[in-house]
Amino acid sequence: MENETYNDNTTFEASVLLNRSNEVDPKLMERYLTNKGIDEPAYTTLIIMYCFLIILGALGNTLVIISVVRKPAMRTPRNMFIVNLAVADLLLCTVTMPLTLMEILTKYFPLGNNLFICKLIGILQATSTYVSTISITAIALDRYQVIVYPTKESLQLFGAALILLLIWVFALILAMPLFIVRHLVHHTIKLGTDLNINFCIENWPIEHGRAYYSIFSLIFQYTLPIIIVSAAYVRISYKLRYRFAAGFVSSDESTQKNRRQLRGRRLQRTNLLLGSIAIIFCISWLPLNVFNLIADLSTSQSFTSQPMMVCYAICHMMGMSSACSNPILYGCLNENFWKEFKDILCIESRTAESRGESQKLSLRKQSQKALGREKPDLVTGATDYQPCNTVSTDMTVLTKC
C-alpha cells in the first residue's frame with residue numbers, strides 16, 4: 001500500500017528548526033520555507049511523469065465507463081466488473097496519484113491542520129488500490145466459471161451488483177487501519193514570521209505495526225490476487241486447448257486443416273493475452289510492494305532521503321501504470337468496447353468491405369437467435385453462435401462456446 005513519506009525523521013528535522021533555527025543547514029531551511037522535499041531536476045521530472053500517467057489513465061478509464069453508460073446493450077453483468085475496475089482505476093489516477101505525488105514532493109503536509117483530511121487521504125489511497133486488484137481477480141474468476149463450467153447458470157445483473165458491493169466493502173475493511181492510525185503532528189516555527197507546519201503520520205499502537213500491515217497488504221493486495229489470476233488463466237488456457245484439440249469434425253480434410261490453423265493462431269493470441277494480463281499485473285505491482293516491505297522492516301532513516309524517495313516514486317508509478325494498461329487489456333482488446341471507443345472519439349471504424357462483412361454477420365446472428373442457438377460472450381455479454389464442437393479463441397471475445 002502507499003508508503004508513508006512522513007515519519008519521525010521529518011518531525012525531528014522540524015524540532016531542530018524550531019529550537020536552533022540559526023544553526024541549521026540553510027538548504028534544509030529553504031526546503032521547509034518552500035515546502036519542497038525534492039530538489040530539481042527530479043522535482044519537475046516527477047511532476048511531468050505523474051501528469052502523463054494521470055491523463056492517460058483518466059482518459060482510458062473514462063472511455064470504458066462512458067461506453068457502458070451511454071448504451072443499454074453494453075450494461076451486461078460481466079461488463080459491470082470491467083466498469084468497476086475502470087472506476088477504481090479512475091480513482092487511482094485522479095486521487096491516489098496526485099495525493100502520493102504531493103506527499104513525495106513536499107516536506108510537510110500542505111493541506112492544513114485538518115485531521116479528517118489526513119485520515120481520509122490514507123483510506124482513499126488504500127481503498128482504490130484494493131478495489132482495482134480485487135476487481136481484476138473477480139474478472140478472472142468470472143471468466144474461469146464461464147469457460148470451465150459453461151453449463152452452470154450465468155451471472156445475472158443483481159448478482160454482479162451484489163459482488164461489486166462486497167468488493168468495495170471488503171476493500172474498505174482492508175484499508176480501515178490506515179484511517180485509524182493516521183494522525184497530525186503540528187509545529188509552529190519562528191523564522192521572522194510564524195511558519196505553521198503539519199505532518200500527516202502513521203501512529204501505530206504496537207511496535208512494528210507498519211511492517212505487519214505491509215505484510216498483510218502484500219498478501220491480500222498482491223500475492224493472493226496474482227495466484228488466483230494466474231491459476232484461473234492457466235486453467236482457462238488448458239480448457240481452451242482441450243476444446244481446440246477435440247473440436248474438429250469435418251469430411252473435407254483441407255477445410256479441417258484450414259480451420260485448425262486459423263483457430264490455432266487464435267488460441268495462441270488468447271494464451272498470449274491471458275499470460276500478458278497476469279505478467280503485467282505481477283510486474284506492475286511487485287516493485288512497490290517490495291519497496292514498502294523493505295522500508296517498513298528497516299530501521300534505517302535512509303529511506304526518507306531524496307534518492308530513496310525518487311526510487312519510491314518510480315516504484316509507485318510502475319504500480320499505478322496498471323491503471324493505464326487495464327483499459328487496454330480489458331477494453332481496447334474487446335471488440336464491442338473498441339467499437340464504442342471509436343464511436344465516442346468519432347473515428348471512422350470500418351471500410352465498405354468490413355461493413356458488408358458486419359452486415360452478413362448480423363444477419364447470421366439474427367437467424368441463430370431465432371433458432372435459440374446463440375451463446376453468451378464471456379466478457380461483453382454479447383452473443384454469437386459457435387457449434388458446441390468448436391470454440392472461438394479470438395481475444396476480442398475470448399470465448400463463446
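Values in this text are rule-based calculations from the coordinates and carry no lab data. Computed from a predicted structure; not experimentally measured. As a convention, Cβ positions derive from the backbone with ideal geometry for all residues, glycine included, and neighbour counts pool all protein chains shown.
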(message) Quick check: convex hull over the Cα atoms of the stretch 92-149, volume per residue in Å³, rounded to an integer?
(response) 77 Å³
(request) Tell me which residues come under 5 Å, amide H to amide H, from residue 109 once H is placed; ignore anything under 5 positions away on its chain. (result) 198, 199, 200
(message) Between residue 308 and residue 188, how high is the FRET efficiency from 1/(1 + (r/R0)^6) when r is the Cβ-Cβ distance and R₀ = 35 Å? Nearest 0.05.
(response) 0.75
(message) Please compute the modelled spin-label separation between residue 154 and residue 73, points set 7 Å along Cα→Cβ, answer in nm with one decimal.
(response) 1.5 nm
(request) Just grab the label-to-label distance for residue 117 and residue 212, each label 7 Å out from Cα along the Cβ direction, in nm (one decimal). (result) 3.2 nm
(request) Could you list, in their original order, any pairs among 27/190; 152/239; 71/339; 239/342 whose Cα atoms are separated by more than 22 Å? (result) 239/342
(request) Treat the count of other C-beta atoms within 10 Å as a stand-in for reagent exposure and order 324, 332, 93 from fewest to most. (result) 332, 324, 93
(request) Over the Cα atoms of the stretch 68-214, compute the convex hull volume and normalise it per residue, giving Å³. (result) 147 Å³
